[in-house]
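Quick notes on the structure that follows.
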Amino acid sequence: MISGIVFALAANLGPALALPASRKSGPIQHVVIIVQENRSFNSLFNGFPKARTVTRGLDSTGNEIPLAQVGIADTIDVQHSSHAFFSAWDNGKMDGFDLESGGGPPGYAAYQYVPESDVAPYWSMASQYALADNMFTSQLDDSFEAHQYLIAGQAQSSVDTPTRLPWGCSQNLEDVVETLTQQRAYGPTQYPCFDYTTLADELDAKNLTWRFYAPQVNVEGGFWSAYQAINHIYQGGNGPQWLADVVSPETGVLTFAPDGVLPNVTWVVPDYANSDHPGNDSNTGPSWVTSVVNAIGESQYWNSTAIFVLWDDWGGAYDPVAPPQLDYDGLGIRVPLLCISPYAVKGRVLHDQFETASILRYVEDNFKLRHMAASDTRARSAGDGCLNLKQAPRAFTPISSEYGKAFFLRQRPSWTAPDDD
């Protein structure tokens, strides 16, 4: 057992919770969720004005370690499982990042940050729109669970990485994932194929549209999509929702392929090369996000859209802010959240507490959908403090980046999952 604390909040509150308070939808008819990989807030926005960041961090022996400035293409992939979280978090002391495996010597791997020049488009987005510096992952571990929280607000007590890619309903019953109990003990393994309610189900029930843009990967199943772990959607790769609404290549979002329409809710998962994942030897992630934002900003949909850009977990990188512990599974370590919209308050740095499920909560409130699980029930809406729907919509100004839309439309896919841990 990892902790003697017993959390009263249930892991899965089920699909039939009470409706949230009625709220007028207002002008936002399209929500776009852009998901990048494995960066803590302190590692991407170090020194951003009015944001809480540091240039030195504590290690497990009590020493102050200067954070190394490391290029986004040069960072090392540090282990970021639940075991790494418990080490780094250290009951809120945030001094165990040197104990994460794969991190190399203190002061380089976990104790690092990316210079502004390498992520200039992200800083430009934050300056033009809004940035949350108190945003945490709803889960305490890595990418499989993170992406489930982005579609359903839970992962059915799953923890860490399934044994086989692509994660989900692979038809191989030897593919299993560990579980975490309410007491934070590791429980029995389970097949990572679920049938809980997802945001897609709720959107379909309301005749609202959705699309999940996902890269193809060179393994059985072909896609790197969270919905592959939802049995009633995937249905062995032949489900009607899967065939209609999970789209590859992910670059289709740049032209609103296949039909030229932006749905009510869109998820965008990058190719590995464009994911910001540490250790992938690529600097194209900020340009990829910029190309997606520019495509929407320059389209007919700009005045009716809210875009949220987030990183699915901290990737092992140092962060000084202790995440509040709200239940057995989180919160996890701080990550960035950008809020981009013609209604976003320009240049605002939000210090309110958000989590991954805050994006689900925003979608639910905006479209009057039910809450699905514990996380989206408790979460503050990602639109709170970010969006001012009373202001006149601001005209879109294209964001500059090293690589543009044409580069990504002709880029050869890597056929590699954006993350495998």
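Of (1) 20.4; (2) 32.0; (3) 18.1, which one was derived for mean projected area of the Cα convex hull in nm² from the structure shown?
Checked against the structure: label (3).
Students often forget the sequence filter, so: which aspartates and glutamates lie under 15 Å Cα-Cα from Lys405 once same-chain residues fewer than 8 apart are removed?
Of all the aspartates and glutamates, those that pass the test against Lys405 - Cα under 15 Å, at least 8 places apart if same chain - are Glu250, Asp271, Glu298.
Taking the mean number of other Cβ atoms within 10 Å as a proxy for protection, how do you rank 135-146, 79-90 from highest to lowest?
On the way: 135-146: 27.9, 79-90: 22.0.
Most protected by this proxy first, the peptides run 135-146, 79-90.
Where does the chain land at 222 nm, in deg cm²/dmol rounded to the nearest 500, when only DSSP H runs of n ≥ 4 count, each adding -39500 (n - 2.57), divided by all residues?
Details: 11 runs with 83 residues, N = 421.
Roughly -5000 deg cm²/dmol at 222 nm, from the helical runs in the chain.
Just the ratio, please: alpha-carbon radius of gyration of the stretch 243-397 over 2.2 N^0.38 Å, N its number of residues.
Normalised Rg, Cα atoms only: 1.10.
Among Asn283, Asn238, Asn274, which one shows the biggest mean-square fluctuation in a GNM of the chain, springs joining Cα atoms closer than 10 Å?
Greatest mean-square fluctuation among the candidates belongs to Asn238.
Using the basic label-point model (7 angstrom from Cα toward the beta carbon), what is the Ala395 to Asp352 distance in nanometres?
Between Ala395 and Asp352, the label points sit 3.0 nm apart.
So for the stretch 367-421, Kirkwood radius off the Cα pairs, Stokes-Einstein at 37 °C and 0.692 mPa s: how many µm² s⁻¹? Kindly include the intermediate steps, with their values, before the conclusion.
On the way: Rh = 16.7 Å.
Result for D is 196 µm²/s.
Straight-line reach only, C-alpha to C-alpha below 24 angstrom: list the lysines that Lys368 could link to, leaving out same-chain residues fewer than 8 apart.
Partners within reach: Lys24, Lys206, Lys390.
Under 24 Å Cα-Cα from Lys50, which lysines qualify once same-chain neighbours fewer than 8 residues away are excluded?
Lys93, Lys346
Debye sum, Cα scatterers, the stretch 114-220, no solvent: what log₁₀ I/I(0) at q = 0.17, 0.22 1/Å?
Here log10 of I(q) over I(0) equals -1.00, -1.20.
For the pair Asp384 and Thr163, what calculated FRET efficiency results from E = 1/(1 + (r/R0)^6), where r is the Cβ-Cβ distance and R0 = 25 Å, to the nearest 0.05? All intermediate terms of the calculation are to be shown ahead of the outcome.
Values: r = 39 Å, r/R0 = 1.56.
Rounded to the nearest 0.05, the efficiency is 0.05.
Give me the distance in nm between label points sitting 7 Å out from Cα along the Cα-to-Cβ direction at Gln411 and Ser127, one decimal.
Between Gln411 and Ser127, the label points sit 2.3 nm apart.
Which order do peptides 222-229, 311-318, 192-199 fall in by mean Cβ count within 10 Å, highest first?
On the way: 222-229: 26.0, 311-318: 30.4, 192-199: 21.9.
Ranking, from highest mean packing down: 311-318, 222-229, 192-199.
Any chance you could check the Cα centroid distance between the stretch 350-395 and the stretch 60-87 for me, in angstrom?
Result: 30 Å between the Cα centres.
Every number here is computed from the coordinates shown, using simple stated rules; none is lab data. Owing to the predicted nature of the structure, the values given are computational and were not obtained by experimental measurement. When we count neighbours, we look across all protein chains shown, and the Cβ atoms used for this are built from the backbone with ideal geometry, even at glycine.
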